[in-house]
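Worksheet: one structure, shown below.
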Amino acid sequence: MTVLLLWGLLALFVLYPLLSLLGRVATDGGRLSLGSALAILADPHQLRAFGNSLLLAMLVGLAGTALGFLFALTASRAGLGRGWLGVLDAVTLLPLISPPFTTAIAMIFSFGPRGLITYQLLGIKGVSVYGLTTTFFSETVTYFPIAYLTLRPVLAAIDANVEDMALSLGASRAQVFRTVTVPLAIPGLANAFLLLFAASLADFATPLILAGNAFPVLPTQAYLQITGLFDLRGGAVLSFALLVPAFGVYLLQRYWVSRRYYVTVSGKAGARTAVKTVAPWLRPVLVGACLAVAAVIAYFYALLLYASAVVALGANHAWTWRHYHVIFTEGARAIRDTLIIAGLSMPLGGAYGVLVGYLVARKRFPGRAAMEVVSMLNYALPGTIVGIAYLIAFNDPPIALTGGALIIVACYVFRYSPTGIRATVAQLQQIDPSLEEASLGLGASSATTFYRVTLPLVVPAFFAGLGVVFIRSMTAISATIFLVSINWTLITVRILENMTELSLGPAAAFSVLVVAIVYVVIALIGRVLRTFSAPGSASLGSVLGG
């Protein structure tokens, strides 16, 4: 019964929207035809946007992976103390728990026509902040923490004994790094690049703020096609085109990684030697480079806080609480709606993640593997595609949900709960099934065994799922920008509206409020997670990177 109910929900909120999107792309006037879809894609302006999207995603993927590798190498190889590691983690988590275009706002405050650096400090007038360079820089700073959180455990898992053996055979530190460390980290590097490439490819808010008319990208074109021209089919075609490069990079990543053997954790116990591949003189260099990047991130968020507390950054620096008064009066409804939707999504997403994870990991039933794949689909697809698919599927009868809160909650639950599913599966793989078998053998039903035995053991995964769904519900925009209405709106949408209306002070105040709320909730969930976690369990920060 539970399996049938879950399949019904997956069919309604995962398969049905994607099939509706595919049907809108592949049909014209009720007949199967790809002619008009190909005509939209063949438009020179859209081809240029497609090329720009690939260029931007490629640059962000390469630069973000390199930056994440630098941070991961420093954290795992430079012998930092817990205090320094805490500083690195705290600063790199900031972009992950704030709206994705927060750094774009800070870029305008710093390098815009009245920017703090360009105008106030250097006295440069008439400077333009819009284009590829600033968009690339902003997205790299925003998304490189994903690469850091992906690569850090990979580098930490590489046995230092292997590197030590190469050193003892006469290889230099540079040779060991080039021929041992980097090759063993290739799966992590490939995954980090794929995650950053997909994140940049789907991001439309940062290009909407910073790219300008001179550098159009496909997600913004799809958004403008729907909101500006009211052309749902055109938006669907453009968003569907994003799947092609994302899937192509995924296949390349699988091919590249599958060519060699990368196992470094064999389960054979043995004494581990100290890491010697990083020369003593190089450690302060690595730490200095990371601190320089961390200082840039800290500067961006400090500037955001300052901009929210002065009349107009760059013109009038008198202290004021006016922007906060605006967001708590005119923006009160967006704050209330966001908290209600995040508050509803969090327990539903957490429960759904644990339930699906438990069924996939512990039960045997027809379609189990298919359920695991389908439950991950919305998570793997770019948010723009998921948002447009929901809009097409639920905009008209028989299932008209647009305009209400249910469609936004459903979008969050089925897009971000897979993190909780994976955490539950990983947790259950560490628990001996004989515990549940003993309960069943003593006469308890499956429901009682799940409630009394399994659920207490997977509580950490449940809270990890809660945290991720809440954070994404507070900060996401790429999918839900198409689903908000006059009845229900979100803080991230109000920030974007303020940016387009050049109301930069309220936009900064909203961003500071989101970061503060998310930090408080993360601290509370982290405290609960530490209470229930077994030694060695994944932290909330590492879960965010996935």
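The values are calculated or read from the model by the stated rules, or taken from the named source; none is laboratory data. Treat the numbers as computed from the prediction; the structure is a model and nothing was measured. So basically every Cβ, Gly included, is an ideal-geometry build from the backbone, and we count neighbours across all protein chains shown. These area figures cover heavy atoms from the full protein model, side chains too; ligands, DNA and RNA do not enter into them. Shrake-Rupley method; radii C 1.70, N 1.55, O 1.52, S 1.80 Å.
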**Message:** Looking at segment 289-318, I want the residues that are within 30 Å of Gly68 (Cα to Cα) and have a partner that is of a type in the set (Ser, Thr, Tyr) and surrounded by 17 or more Cβ atoms within 10 Å (Cβ to Cβ) with Cβ atoms under 6 Å, at least 6 apart or on another chain. Which pairs are those?
**Reply:** Cys290/Thr74; Phe300/Thr103; Leu304/Ser511
**Prompt:** So which of Ala199, Ala279 ends up being under 19 Å from the mean Cα position of the chain (by Cα) and either modelled with pLDDT under 80 or among the small types (Gly, Ala, Ser) (or both)?
**Reply:** Ala199
**Request:** Give me a count of the residues in segment 117-135 that are touching a residue at least 24 places away in the same chain (Cβ under 8 Å), open to solvent by less than 50 Å² (accessible area, probe 1.4 Å) and among the aliphatic types (A, V, I, L, M).
**Result:** 1
**Message:** For the structure I just gave you, tell me whether Gly443 is open to solvent by 10 Å² or more (accessible area, probe 1.4 Å) and at pLDDT 80 or above.
**Reply:** yes
**Asked** Among the candidates Thr206, Thr227, which residue alone is modelled with pLDDT under 80, open to solvent by less than 80 Å² (accessible area, probe 1.4 Å) and under 30 Å from Gly112 (Cα atoms)?
**Response** Thr227
**Item:** Residue that is nearest to Ala523 (Cα to Cα) [pool: residues in segment 99-108 that are modelled with pLDDT of 80 or more and open to solvent by less than 10 Å² (accessible area, probe 1.4 Å)]
**Value:** Pro99
**Asked** Restricted to segment 87-98, and to residues that are more than 16 Å from Ala147 (Cβ to Cβ) and of a type in the set (A, V, I, L, M, F, W, C), which residue is most open to solvent (accessible area, probe 1.4 Å)?
**Response** Val87
**Which numbered condition Leu151 misses (of (1) touching a helix residue (DSSP H, G or I) at 6+ places or on another chain (Cβ under 6 Å); (2) surrounded by fewer than 22 Cβ atoms within 10 Å (Cβ to Cβ); (3) of a type outside the set (Gly, Ala, Ser))** = (2)
**Prompt:** Within segment 31-86, restricting attention to residues that are modelled with pLDDT of 85 or more, hydrophobic (A, V, I, L, M, F, W, C) and surrounded by fewer than 17 Cβ atoms within 10 Å (Cβ to Cβ), which residue is farthest from Thr133 (Cα to Cα)?
**Reply:** Leu47
**Message:** Take residues that are closer than 25 Å to Asn498 by Cβ and open to solvent by less than 20 Å² (accessible area, probe 1.4 Å) and tell me which of the helices (runs of 4 or more DSSP H) falling wholly in segment 286-398 contain 3 or more.
**Reply:** 332-362, 383-393
**Qualifying residue in segment 533-541 (condition: part of a loop (DSSP other than H, G, I, E, B), modelled with pLDDT under 85 and under 25 Å from Pro219 (Cβ atoms))** = no
**Every pair of residues 6+ apart whose Cβ atoms lie under 6 Å, when the first sits in segment 206-226 and is at negative phi while the second is among the charged types (D, E, K, R)** = Thr206/Glu139; Gln225/Asp231
**Message:** Pairs needed: first member in segment 243-260, surrounded by 12 or more Cβ atoms within 10 Å (Cβ to Cβ); second member anywhere, β-branched (Val, Ile, Thr) and at pLDDT 75 or above; C-beta distance under 8 Å; at least 6 residues apart or different chains.
**Reply:** Leu243/Ile385; Trp256/Ile186; Val257/Ile186
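Report yes if Arg527 is free of Cβ contacts under 8 Å to residues at least 24 places away in the same chain, in a helix (DSSP H, G or I) and either buried (at least 23 other Cβ atoms within 10 Å of the Cβ) or not polar (S, T, N, Q) (or both), otherwise no.
Considered against the rule, which asks whether it is free of Cβ contacts under 8 Å to residues at least 24 places away in the same chain, in a helix (DSSP H, G or I) and either buried (at least 23 other Cβ atoms within 10 Å of the Cβ) or not polar (S, T, N, Q) (or both), Arg527 comes out as yes.
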**Item:** Filter result (more than 36 Å from the chain's Cα centre (by Cα) and either under 17 Å from Ile421 (Cα atoms) or not small (Gly, Ala, Ser) (or both)) within segment 434-447
**Value:** Glu437, Leu440, Leu442
**Message:** Every residue in segment 114-149 that is in a loop (DSSP other than H, G, I, E, B) and either over 22 Å from Leu305 (Cβ atoms) or aromatic (Phe, Trp, Tyr) (or both), please.
**Reply:** Leu122, Gly123, Ile124, Lys125, Gly126, Val127, Ser128, Tyr130, Gly131
**Asked** Of the residues Phe230, Phe177, which is more than 20 Å from the chain's Cα centre (by Cα) and at positive phi?
**Response** Phe230
**Scope segment 1-30; condition aliphatic (A, V, I, L, M), open to solvent by 30 Å² or more (accessible area, probe 1.4 Å) and in a helix (DSSP H, G or I); matching residues** = Val3, Leu4, Leu5, Leu9, Ala11, Leu12, Leu15, Leu18, Leu19, Leu22
**Request:** Determine whether segment 46-60 contains at least one residue that is without any contact (Cβ under 8 Å) to a residue 12 or more places away in the chain and more than 27 Å from Thr150 (Cβ to Cβ).
**Result:** yes
**Asked** Only one of Val453, Val459, Val484, Val493 is touching an Asp or Glu at 6+ places or on another chain (Cβ under 7 Å) and not hydroxyl-bearing (Ser, Thr, Tyr); which?
**Response** Val453
